[in-house]
Amino acid sequence: MMNEHGDVIAGIISQALRESYTLVLDGVVKDETNSVQLAKLLATCFAIRGSQLSIIRRLDSQYVVQVHAELVSWIVKRIAIYESNKNKKSIKLAVLFFKALVPLLGVISSRDALK
């Protein structure tokens, strides 16, 4: 799909969600709703839909797994930093990032989602 540029799509989605949630963690934005809405919008990049919303083409599940792996490792590193600084407020905000990861699983099969 997309002329075999799945890694580029995965990189762009990962970077966009990281930057969006960094605004939440830095206190520029008051909550995570904008990041969750961005994730819902970016989830549409994983599939091309045709008439009546049927999926015509879909990005390989390895790229969706790649996005999740990158974002989970990024947020876990942030949580570890906040834990070492004993910053409980930032830990609570960082854990809410997993809400943004849920919409990205909508286009892959259940077996691939378990990876």
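List of remarks:
- For region 25-32, the criterion of being in a loop (DSSP other than H, G, I, E, B), among the hydrophobic types (A, V, I, L, M, F, W, C) and at pLDDT 90 or above is satisfied by at least one residue.
- Residue check for ALA94: closer than 27 Å to ARG111 by Cβ, touching a residue at least 60 places away in the same chain (Cβ under 8 Å) and of a type outside the set (Val, Ile, Thr): no
- Residue match in region 25-39 (condition: within 15 Å of LEU71 (Cα to Cα), hydrophobic (A, V, I, L, M, F, W, C) and over 12 Å from the mean Cα position of the chain (by Cα)): yes
- Counting the residues of region 1-22 that are assigned to a helix (DSSP H, G or I) and surrounded by 15 or more Cβ atoms within 10 Å (Cβ to Cβ) gives 11.
- Tabulated pairs, region 38-56, first charged (D, E, K, R), second at pLDDT 75 or above, C-beta under 6 angstrom, 6+ apart or interchain: LYS40/PRO103
- Within region 52-86, being open to solvent by less than 60 Å² (accessible area, probe 1.4 Å), more than 12 Å from the chain's Cα centre (by Cα) and closer than 17 Å to ALA100 by Cβ holds for ARG78, ILE79.
- Flag for ALA113 being small (Gly, Ala, Ser), touching a helix residue (DSSP H, G or I) at 6+ places or on another chain (Cβ under 8 Å), open to solvent by less than 60 Å² (accessible area, probe 1.4 Å) and at pLDDT 80 or above: no
- The single condition among (1) more than 30 Å from HIS5 (Cβ to Cβ); (2) open to solvent by 60 Å² or more (accessible area, probe 1.4 Å) that LEU93 does not satisfy is (2).
The values are calculated or read from the model by the stated rules, or taken from the named source; none is laboratory data. What you see is a predicted model; the values in this text were computed from it and never measured. Note that each Cβ is placed from the backbone with ideal geometry, even for glycine, and that neighbours are counted across all protein chains shown. Surface accessibility is based on the protein's heavy atoms, side chains included, excluding ligands, DNA and RNA. Shrake-Rupley method; radii C 1.70, N 1.55, O 1.52, S 1.80 Å.
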